[in-house]
Structure formats: C-alpha cells, structure tokens
Amino acid sequence: MADNVEIVEGCRLPVLRKNQEHEDEWPLAEILSVKEVSGRKLYYVHYIDFNKRLDEWVTADRLDMKKLQFPKKEAKTPTKNGLPGSRPSSPEREVRKSLDLNLQSATAPSRGKTLPTPKRKVETVPLATQVSPATPVPSLPSSAEASQASVFPAVRETNTFKSREDHEQLSSLTTNGTARRLIPSQPGRKRKANCGGTDEMIKVLQYNNPQSASVFLPPPEDSQDSSDGIPSAPRMTGSLVSDRSHDDIVTRMKNIECIELGRHRLKPWYFSPYPQELTTLPILYLCEFCLKYLKSLKCLQRHLTKCNLRHPPGNEIYRKGTISFFEIDGRKNKTYSQNLCLLAKCFLDHKTLYYDTDPFLFYVMTEYDSKGFHIVGYFSKEKESTEDYNVACILTLPPYQRRGYGKLLIEFSYELSKVEGKTGTPEKPLSDLGLLSYRSYWSQTILEILMDLKPDNGERPQITINEISEITSVKKEDVISTLQYLNLINYYKGQYILTLSEDIVEGHERAMQKRHLRIDPKCLHFTPKDWSKRGKW
C-alpha cells in the first residue's frame, strides 16, 4: 500500500546513504524536488542536520516509505502584509514594506480621513546586517575591574599549581558574541581597583596539567550565529556572512552537475546562478585561465585557440617556487571577477556577491607548470573597509584542499595587512570550514610568538595583547578569543597570566612540522593604495 502513496515536495522520510566509513545509514531527509527522467522518478533530498553540500538526487529504492511523513498543512491565516496562503515575505521584503508604510503615513496629506491601520503591526528592522561574530569577541574589562590579558612564552619549569582553585579562569562567552564578566565576582573578596591599562604586562607560566585544553579542539557547535530568532538581512558585500534569508526552493538545490576546470572535474556543493540554459548540461566547461563558461568540450577547444591568457589578469605580486599570487581589481577586470564569483558560489553557500565586483580586490593563488598558472584558490577584500576586514570571501578549490593552501591564503592576507600597517580580521560570521581554518591559523601563529619569547634577566618573559596584535596583524579581539579558546589565559593573584601546558606545546610542535607551505615576506612585491583618495575606486 505504501507503494501507491505519492511523494510530494516537503515530505520527510529516511533515505539510504553511505557514511564516511562507507557503511549504510538511514538519516531523515526532506524531499525538495521531484522529477522524472526516462520514465523513472528521481527525488532531490536534503539530509536533516547535515550540510547542504551532501544534498543529492536519489532513486525510489533508497527511500524508506514505511516512515513517510507528509508536510503539515499551513494554517489559513493571513501572513504579514500578504494574502491568506501567500508565500511568507522575505526579511528584505518585510523591511521594504514597513519602510514604505512609514513613508506613506509620514508624507500622505490629511484630507479629514485617517489612513487604515494594518491589522498586524509590522516592526521595522534595521537595514544593516544583524550578524553575530563567529569567533567570540570579548569586551575587555575596564581598568576599574581588571586589566587586559597579556601573553607569555613557554617556560619549561617544574612548578605546578597546588589546586585548580588557586587561579581563576576567564568565564566563557555567550554564543551571541557578547561577553559575560571576564572575572566572576565573588562575595567577600575585594580586588584592587587599579590593575593597569590594556597594556599591562603579564607573566607566562607553563605547568603540567593533564586536563588542560589541547591546541586543536573542535569549535563549539553554537559558535556561529545567535539564536535570537531575528532574521538578518544579508550583507551584499561578497562576504563570508551566512545568508539565512533566502528560502527560495531554487537556490536550495544544486543546479550544476559537474564542472571541468583544466585537468580537474569538480562536483559543486551548492547553487550558483549560472545561465539557466547551462544548468541542464551534464558537464559545464570552464577555461582555467579566464574562467569563461562554455557548454561543450568543442566550444572550450575553440576558445583555447583564441584565449591568450595563461595566468589570471592583474599584477603578480608574489612568487616563490611554483606558488604565485595575482592582485585583480574588480573594476578593471570585471568579467574575470564575475566568473570567479560564479565559480566560488558553487562551494560557498553563504556568498551573496556575483556581479557588483567594483568595490573589491581579488587575490588569486596559482600553481605554475609548463602549461601556465593554474588557479588553486583566492580571497577577496574590500578596497575600503570601515571595520578592518582584510578578507571578505576565501576559498580553496576542492582538488587542493587539505594540503595547506588554506592556511597559506590566510597567512598571505595578514602579510598584506602588515605591509599596510593595519590589523585585520575576516568578515564574520565565518562559515564552518572558514572558522576551523582561521582558528587553526590563529592558534599556531600566537603560540609561535609565545614560544619564541626569551626571558629577561632570569625573569619570566612578558608580552601584552597589543604587542601580539602588532606583531601578527591579527585583530586584538581575535587574539583574545583564541587565547580563551585554547584555555591559555587565566587570572592569578591580581593579574592575567598565560599558561602553556605540555599538551599545548607538543601539539603545536607536531602541527608546525606538518606545515611546509609558508609565505616568505621577501618575495612579496606589494604597494598598498589609498582608495579613499581615488574617488569611485
């Protein structure tokens, strides 16, 4: 009897798939679309609580019809500013309608008649993006409460603390990016009011603590977005900001089956707005040098006879060995930049920029061989950022992932910030993979600084948060959040101290042995530009 039941969009049921161990499992999935090919029905499924990159078309034999759940009928109540049964308004539409309503009420002439008030009150939402930082950004305590934490290098001593209660740990941060009191107030205990400013020197201790956090811990699951239920309008800046506002069924489905880029064939993870007529092709062909998209192999071969590029357009500002970086102006090289964004959207679910590339610079990393410079990854940044963002989007193409290129891109972005004389931070909140990459880079970079510090006159070495930020060009808030993430910063006898356990030191040394690709500042030929004096970029 279950065979006669028609499966429609919105149904939920277990679907057979292979896990990482190539074992069968039946996770719950939602049917997003149904199509018929050669007389056989195919179902596009999204696995509940799984990343969208795992969505796929499946056949009926992989569906568990015994546990089929039909979509719940929507109540026939009027939606906000809509008709009964109409599609719910998107956050942007709600904002526009509420603004239009306010504008009409403020400008309409009164003719003795009052305007009809809406049955349901529409709250105005700020147009600015309401996002919470992916990494916790603690607010530093004032000098009346406590001083800023400073960082110290590993000093190999046998001194250990008698008990865990001998020092105070910084309290954890809330998931929406706001900080609780860094030092919990304790009744009956008084603290000196003046403990120094934000540059207070702190001693570094190393002690053996088997329960201390190791260097590489998985990020908390709730470290991405605040769960306050307020829909946030997306930043239209080609950013790493997660766009939770689009609920269009079309954009939830992968529309490109396969991409051929040079010697690689890529399976896209997400939707990308390539022309509609190309989405029905089994393979989309890209020129690996200009990234132009073509519909067939023959078209690609004809294009290659006319394409003169053997490297990305723009200026080569770095080369060491086979690795090169090219700086590309989104206004001067608009077509290439747009094609790059379309390709990147296949692997970045949160990317919102496709065509307005003028305010951005793109830094493309390539690998050189006898046939030319092959794209490995890229990152983009705003020409003028009021929030000290040094990265908007960052991507390593799948064939080059898990080979150290991601950290190389991040390291290069901070080298540019050093030349510019600024501290930088990626646009937040980060994607899941972006957060892991940045956490790992920040941890290794900061620990490298701490472990290289030398003690003065037999005393423990001292350093401040601001000094770490200036040396690494990592923004101060990212330094603090990383120290707290690694459980290094503590409060002891009226001052902040950094404690490096043996587990932390050994884990860092193992990680650095595997990190073979590094940026050599001597090979960087980069002159920063003052875009504020250049008019419209």
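Would it be correct to say that Asp432 is farther than 21 Å from Leu500 by Cβ, under 20 Å from the mean Cα position of the chain (by Cα) and not assigned by TED's automatic domain parsing to the domain that holds Lys383? Walk me through it before giving the result.
Numbers: farther than 21 Å from Leu500 by Cβ: yes; under 20 Å from the mean Cα position of the chain (by Cα): yes; not assigned by TED's automatic domain parsing to the domain that holds Lys383: yes.
Spelling it out, Asp432 is indeed farther than 21 Å from Leu500 by Cβ, under 20 Å from the mean Cα position of the chain (by Cα) and not assigned by TED's automatic domain parsing to the domain that holds Lys383.
Restricting the search to the stretch 407-422, which residues are more than 30 Å from Gly262 (Cα to Cα) and either assigned to a helix (DSSP H, G or I) or not assigned by TED's automatic domain parsing to the domain that holds Lys267 (or both)? Step through it out loud before you land on a result.
Step one: list which residues in the stretch 407-422 are more than 30 Å from Gly262 (Cα to Cα), which gives 417-422.
Within the stretch 407-422, Ser417, Lys418, Val419, Glu420 meet the criteria.
Exactly one condition in (1) outside the structural domain of His311 (by TED's automatic domain parsing); (2) surrounded by fewer than 23 Cβ atoms within 10 Å (Cβ to Cβ); (3) under 18 Å from the mean Cα position of the chain (by Cα) is not met by Gly404; state its number.
With (1) outside the structural domain of His311 (by TED's automatic domain parsing); (2) surrounded by fewer than 23 Cβ atoms within 10 Å (Cβ to Cβ); (3) under 18 Å from the mean Cα position of the chain (by Cα) applied to Gly404, the lone miss is (1).
Somewhere in the stretch 315-330, is a residue touching a residue at least 40 places away in the same chain (Cβ under 8 Å), more than 30 Å from Pro521 (Cβ to Cβ) and among the aliphatic types (A, V, I, L, M)?
So far as the stretch 315-330 goes, no, none of its residues is touching a residue at least 40 places away in the same chain (Cβ under 8 Å), more than 30 Å from Pro521 (Cβ to Cβ) and among the aliphatic types (A, V, I, L, M).
Can you pull out every residue in the stretch 423-470 that is outside any helix (DSSP H, G or I), modelled with pLDDT under 90, of a type outside the set (S, T, N, Q) and under 23 Å from Glu384 (Cα atoms)?
Passing the criteria: Lys428, Pro429, Leu430.
Can you name the number of the only condition in (1) out of contact with any Lys or Arg (no Cβ under 6 Å at 6 or more places or on another chain); (2) within 24 Å of Leu430 (Cβ to Cβ) that Pro359 fails?
Status for Pro359: all satisfied but (1).
The values are calculated or read from the model by the stated rules, or taken from the named source; none is laboratory data. Just so you know, these numbers come straight off a predicted model, no measurement behind them. All Cβ positions, glycine included, derive from the backbone under ideal geometry; neighbour counts span all protein chains shown.
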